[in-house]
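Just so it is clear, none of the values below were taken in a lab; they were calculated from the coordinates. As the structure is a prediction and not an experimental result, all values here were calculated from the model. Glycine also receives a Cβ, built like all others from the backbone with ideal geometry; neighbour counts cover every protein chain displayed.
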Amino acid sequence: MSYSRSSGLNETKTRCKVCAKLIPEGAKKCTECNEYQSTLFRVLAGFDLKGIIALIPIATLAFAFIQDRVETKTSDLKIALVTCEQNKVSLFASNIGNRAAIISGASFVTNGLPSMPLSVILPPSKKLIDGGETRAIDLLTDARLSPGGLVPFEQRNANICEVTITIETIAFDHEMKTQDIVCDCPR
Ligand SMILES: [Zn+2]
């Protein structure tokens, strides 16, 4: 049995999903009413896609704006002490807020003696701690001002010895805060 497909006479027909007229089976568009036979294509053809795409940036901006109004902007540095050595304090600073903050300075007090400065060792590009970021930071004593490091020589034999390290931070809103961390005197 053989027949010619090119004659068109034996071509299988189906009904258009829109106008119900007979059209060739597998046709993507109706030969009578010119409608897409796929429901998805018909729906898409009905939309003004340019209009929808043009709306997206506005919707995104509106969402960002609403979020901006709802979400509180804070920067909150939490300090975790790692080690207290003779001339160096190592710590981690984590900004658990959502705005940047910086560590602007540090100092220490040993057993109630006058406060001494600590140098904050951070490359300039790392000074800004963004929200969600954590930095490893070293604080160094000044060899001229604090020749004994964190523990002045006259305190070396003290029964009770404690170093209070004060960290100054500046939040994004220019508010300055200080935080104290305490460590035992390194021996
Ligand atoms: Zn049709």
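Of all lysines in the structure, those lying under 29 Å Cα to Cα from Lys28, and not within fewer than 8 positions of it along the same chain, are Lys13, Lys17, Lys50.
Over the range 77-184, the reciprocal of the mean inverse Cα-Cα separation, the Kirkwood hydrodynamic radius, stands at 14.3 Å.
Counting only lysines at least 8 places from Lys127 when in the same chain, those with an alpha carbon closer than 24 Å to its own are Lys73, Lys78, Lys88, Lys177. Among Leu122, Leu150, Leu77, Leu40, the ranking by other beta carbons within 10 Å of each residue's beta carbon, starting with the fewest, stands as Leu40, Leu122, Leu77, Leu150.
Between Glu175 and Phe153, the contour length at 0.36 nm per residue exceeds the Cα-Cα span by 4.3 nm.
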